[in-house]
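The structure under discussion appears below in the form of structure tokens.
The values are calculated or read from the model by the stated rules, or taken from the named source; none is laboratory data. Just so we're clear, the structure is a prediction, and the values are computed from it rather than from any experiment. So basically every Cβ, Gly included, is an ideal-geometry build from the backbone, and we count neighbours across all protein chains shown. The protein model used for the area step is the full one, side chains on, heavy atoms only, and it has no ligands, DNA or RNA in it. Shrake-Rupley method; radii C 1.70, N 1.55, O 1.52, S 1.80 Å.
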Amino acid sequence: MKLLLTGASGFVGRNVARALVAAGHSLKPAMRGNGVDFRHLLTPADWLPHLAGVDAVINCVGIIGESAGQKFWTLHAHAPSALFRACALAGVRRVVQISALGADETAFSAYHRSKRAADDCLRRLDVDWFVLRPSLIYGRGGGSAELLLRLAKWPLLPVLDDGRQILQPVHISDVVAAVMRCLTAPTARQTLDIVGPERIAFADWLQRTRQAQGLPPARLLPVPYRAALALAWLGRACSPLLRTETVRMLQTGYHADVEPLTRFLGRAPQSAAPQLFFSDTLTTRNPT
Ligand SMILES: NC(=O)c1ccc[n+]([C@@H]2O[C@H](COP(=O)([O-])OP(=O)(O)OC[C@H]3O[C@@H](n4cnc5c(N)ncnc54)[C@H](OP(=O)(O)O)[C@@H]3O)[C@@H](O)[C@H]2O)c1
């Protein structure tokens, strides 16, 4: 297959690219580095030249926080919707969209609502579509995964309130396996939550991340929700991650039924063994 892969320089994109090449596909990586900037590709006509001869498209572009010029609605909704409509016009048969767990009818953040807008656009089109909604992805080289690895080394672990917000982290190799399965699955038009086998509280995940680095359990530093909101607001100029919406999303916690993914892959996703925190598709079993 000839594939257009957007976000090919990112954590998910790099790992998907490696699996696609290993499986013998012909890859057209689309990145800002080679002139594919979502901020300037906002109509189907902008995308059509990129789709000549392409059989399938995988969209791995996303941001976790906004910054100057990098806006949720442009990157998550308008540009991908234009890409998906171009796919329908160009006769691209299969489209895989990497969305996020929580981009559903409960979504309240601009992050999730903008993703859901593109997901909805794709679901309305006459193409073989897959919307994959991963939870927190861990593994070597992931932005949020590396951040948590650093945070978990602190002598006191900052958590929101009692740190009991539920997560369901999934390893990068299982995300890649799901993407690869989308290329061959006989039944398309599916929305799948991409979650790991275990629901775990945020505080316990931090301790697990610590343990994976050979460190003993650490005491928690509970940060009350209202104080966290205030700190995020005060620190908003320091990092795109410091936003009140990010705090609200963390407080909400996200989890889902793992059974549909297990059926889709033909096996259960992997449990979080310590070595997986430092591995990706290069070092784990063949994700296809
Ligand atoms: N990682 C997670 O835990 C997680 C969980 C749930 C959902 N997701 C979703 O999975 C997708 C991939 O996430 P990731 O972890 O791989 O993120 P990442 O490592 O930050 O990669 C993001 C990708 O988006 C690209 N990008 C950003 N702005 C762009 C623009 N203006 N034009 C074109 N490309 C642009 C980046 O390219 P540059 O190299 O040029 O910046 C990069 O290739 C995202 O949609 C994310 O929301 C991730």
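Ordered by 1.4 Å accessible area with all protein chains kept, TRP73, TRP205, TRP233 run largest first as TRP233, TRP73, TRP205. Would you be so kind as to identify which of LEU261, TRP129, SER26 lies farthest towards the positive end of the dipole of region 2-278, taking Lys and Arg as +1 and Asp and Glu as -1 on Cβ and the Cα centre as origin? Checking the options against the dipole of region 2-278, the answer is SER26.
Here region 2-278 is treated with +1 on each Lys and Arg Cβ and -1 on each Asp and Glu Cβ, and its dipole about the Cα centre works out to around 420 debye. The angle between the Cα long axis of helix 225-234 and the longest principal axis of the Cα atoms of the chain comes to about 60 degrees, rounded to the nearest 10. The H on the amide N of THR191, modeled in the peptide plane, is under 5 Å from the matching H of VAL131, each at least 5 residues off or on a different chain. The relative contact order of region 2-278 comes to 18 percent, based on Cα pairs under 8 Å that sit 6 or more residues apart. Accessible-area rank, largest first, for GLU105, GLU146, GLU259: GLU105, GLU259, GLU146, with all protein chains present and a 1.4 angstrom probe. Angle check, please: helix 110-123 long axis (alpha carbons) against the longest principal axis of the chain (alpha carbons), in degrees 0 to 90, nearest 10. Approximately 30 degrees, to the nearest ten. Computing Rg and the Kirkwood Rh from the Cα coordinates of region 1-132 gives a ratio, Rg/Rh, of 0.94. From helices alone, the chain scores -10500 deg cm²/dmol at 222 nm; the rule is -39500 (n - 2.57) for each run of n ≥ 4 DSSP H residues, then divide by the residue total. Between the helical axis of 172-184 and the longest alpha-carbon principal axis of the chain there is an angle of about 20 degrees.
Multiplying the residue separation of LEU89 and HIS40 by 0.36 nm and subtracting their alpha-carbon distance yields 15.7 nm. Please report how far the C-alpha centroid of region 162-183 lies from that of region 141-161, rounded to the nearest whole angstrom. Cα centroid of region 162-183 versus Cα centroid of region 141-161: 18 Å apart. Here, P(r) means the percent of Cα pairs in each 10 Å bin from 0 to the largest distance; for region 2-278 it is 7, 29, 36, 21, 7, 1. Taking all protein chains into account, the per residue accessible area for region 2-278 stands at 44 Å² (1.4 Å probe). Its residue count N fixes a reference of 2.2 N^0.38 Å for region 147-215, and the Cα radius of gyration divided by that reference is 1.44. Overall, the accessible surface of region 2-278 at a probe of 1.4 angstrom is composed of carbon and sulfur to the extent of 57 percent. Sorting LEU122, LEU27 on solvent-accessible area from highest to lowest, probe radius 1.4 Å, gives LEU27, LEU122. Pairs of lysines in the chain whose Cα atoms sit within less than 28 Å of one another amount to 5, provided the residues are eight or more positions apart or on different chains.
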